[in-house]
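J.: What follows is a structure written as structure tokens; I'll ask about it next.
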Amino acid sequence: MRIRPSFFTLDFSLLCLSSFLFFSSFNMVIPELPEYLTSLGGEDYKGLIIALFTLSAGLSRPFSGKLADRIGRIPVMMIGASVCFVAGMLYPLLSFVSGFLFLRFAHGFSTGFTPTGASAYVADIVPYQKRGEAMGLFSLFGSMGMAAGPAIGGWLATMVTIETVFYVSACTAIFSILILVKLKETLPSKEKISLKILKLKKEEIIEKRVLIPSGILFLCCFSFGVVLTIIPDFSVHLGVENKGLFFGVFTLSSLGIRLLAGKTSDRYGRVPVMRAASATLVCAMILVAIAESKLALLGSGVLFGCAVGMYSPTSAAWVVDLAVDRFRGRALATMYIFLEAGIGIGALVSGFLFANNTENFRLVFLTSAGIAAIAFILLLMIKSPNQFQAKT
């Protein structure tokens, strides 16, 4: 009889389920947002759909990291999920360009908080020998949410109004919150929230110990921003009716490889897995650049998903390896700052390069491939593959 991994507890299971619902919530609306913004008269601001979201997420990270280390992991997660609920309810009410862009900025605070608290929670309850594997399994549920969200949102949009999709997104966030109530806090000594805690010192913004893995993640996530911003329009250009199909394919393809990548990084180190991830990402972006059919698009989605499935859990485990326990929240917040910066800048650059001109699709995706290639080259320059292997 197979023995369950030591980290597979009830709390870990509930956290995974909550993460699935959380990621489903805010990803549910993404495929329809470019068209929705166009209907409001804001077609020239498509690059801001993701950029504003990731900007606010990045700005909130230092606060969420500090709060996770001071008031607890669970309150930080609940703050983020609550933002998802409120934003989902307000989209139909603020149905004008400036109101929409404001909500995209506000909505980003959700991912600025919940993933930081959740990743710190996982790191608290998982032994270091299983860190990569646990991060892989945990991120698998987030990826399942990222796959289910756009697919469900795209499907709902073909049957009901976009306003209904917004409300379903908000309700999904509520269920995520209800599950969090059942979890036990892992922070040993909690403080009460106060204005004093919210004041950040310079050294509390970025955790220098994790700059290398965070910088590599930034370069990899540039492509993610490109995909979120350009793929909906590119799908329509190729005649793919469901704009969420690519998102479902790449996310599903990332599911199985996450566990393998996590276990492999536990055994052989983080750097070799990150090299494989960045190389795969380069190939994915080149393939989508030359895609001229639905089949080629979905094939590039499979490769892209494999790359994401490798670098997501490995980066998180790499960061936790290098972090001091009492600043674990800050370290993970730093990682997410770079992650969101990569996505946001990727979204802005791709929106600028695309400029609503279908002739620019190839330029956008090849630029993304070049950025991923830089990550691969930098990883090759790290001489010792086991330099950042899990602590023993």
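The values are calculated or read from the model by the stated rules, or taken from the named source; none is laboratory data. Just so it is clear, the model here is predicted, and its values are computed rather than measured. We place every Cβ from the backbone using ideal geometry, glycine too, and count neighbours over all the protein chains shown. Heads up: the accessible areas ignore ligands, DNA and RNA and are worked out on the full protein's heavy atoms, side chains in. Shrake-Rupley method; radii C 1.70, N 1.55, O 1.52, S 1.80 Å.
J.: Can you give the charge dipole size of region 236-280 about its Cα centre, rounded to the nearest 20 debye, using +1 on the beta carbon of Lys and Arg and -1 on the beta carbon of Asp and Glu?
T.: Numbers: 6 positive and 2 negative charges, 51 e Å.
Here region 236-280 has a charge dipole of around 240 debye.
J.: Something else about it: For region 130-147 and region 58-107, what is the separation of their C-alpha centers, rounded to whole Å?
T.: Centre-to-centre distance over Cα atoms comes out at 22 Å.
J.: Among all helices in the chain defined by DSSP H, which have a length of 30 Å or more along the axis from Cα atoms plus a Kyte-Doolittle mean of at least -0.5?
T.: Details: long enough: 47-70 (35 Å, 0.70); 97-125 (44 Å, 0.74); 131-157 (39 Å, 0.79); 211-237 (38 Å, 1.79); 245-268 (34 Å, 0.63); 270-290 (31 Å, 1.74); 294-322 (42 Å, 1.18); 328-354 (39 Å, 1.23).
What comes out of the filter, once short or polar helices are dropped, is 47-70, 97-125, 131-157, 211-237, 245-268, 270-290, 294-322, 328-354.
J.: Here's something else I'd like to know. Of L40, L211, L52, which is the most mobile in a GNM of the chain whose springs link Cα atoms less than 10 angstrom apart?
T.: L40
J.: For region 74-144, what is the relative contact order in percent, using Cα pairs closer than 8 Å and at least 6 residues apart in sequence?
T.: Relative contact order for region 74-144 comes out at 39 percent.
J.: Compute, for the chain, the length of the dipole vector about the Cα centre, with Cβ point charges of +1 (Lys, Arg) and -1 (Asp, Glu) only. Units Debye, rounded to 20.
T.: I would put it at about 1620 debye.
J.: Within the accessible area of region 44-183, what % is carbon and sulfur when the probe is 1.4 Å and the other protein chains stay in place?
T.: Exposed carbon and sulfur together represent 76 percent of the surface.
J.: Let me ask you something else. Among K184/K208; K46/K243; K182/K263; K66/K184; K263/K383, which pairs are too far apart, with a Cα-Cα distance over 24 Å?
T.: K184/K208; K182/K263
J.: Can you give me the % of accessible surface on region 334-378 that is carbon or sulfur? Probe 1.4 Å, all protein chains present, nothing else counted. Intermediate values should be presented prior to the final figure.
T.: Values: 1430 of 1930 Å².
The C+S portion of the solvent-accessible surface of region 334-378 is 74 percent.
J.: Positive end of the charge dipole of region 203-350 (Lys, Arg +1 and Asp, Glu -1 on Cβ, about the Cα centre): tell me which of L287, F250, V271 has its Cα farthest that way.
T.: Working it through, the farthest residue towards the positive pole turns out to be V271.
J.: Name the residue farthest towards the positive end of the dipole of the chain from the options L363, A123, L33, assuming +1 on Cβ of Lys and Arg, -1 on Cβ of Asp and Glu, about the Cα centre.
T.: Of the listed residues, the answer is A123.
J.: Heavy-atom accessible area per residue, the chain, 1.4 Å probe: how many Å²?
T.: 41 Å²
J.: How do F338, F246 rank by accessible surface area computed with a 1.4 Å probe, from largest to smallest?
T.: From most accessible down to least: F338, F246.
J.: For the chain, what relative contact order do you get, as a whole percent, if you take Cα pairs closer than 8 Å and at least 6 residues apart? Please report the intermediate quantities before stating the final value.
T.: Numbers: 772 pairs, mean separation 108.2, N = 392.
After rounding, I find 28 percent.
J.: Here's something else I'd like to know. Can you tell me the dipole magnitude for region 1-125 around its Cα centre, using point charges on the Cβ only (Lys, Arg +1; Asp, Glu -1), in Debye to the nearest 20?
T.: Numbers: 8 positive and 7 negative charges, 92 e Å.
Dipole about the Cα centre, nearest 20: 440 debye.
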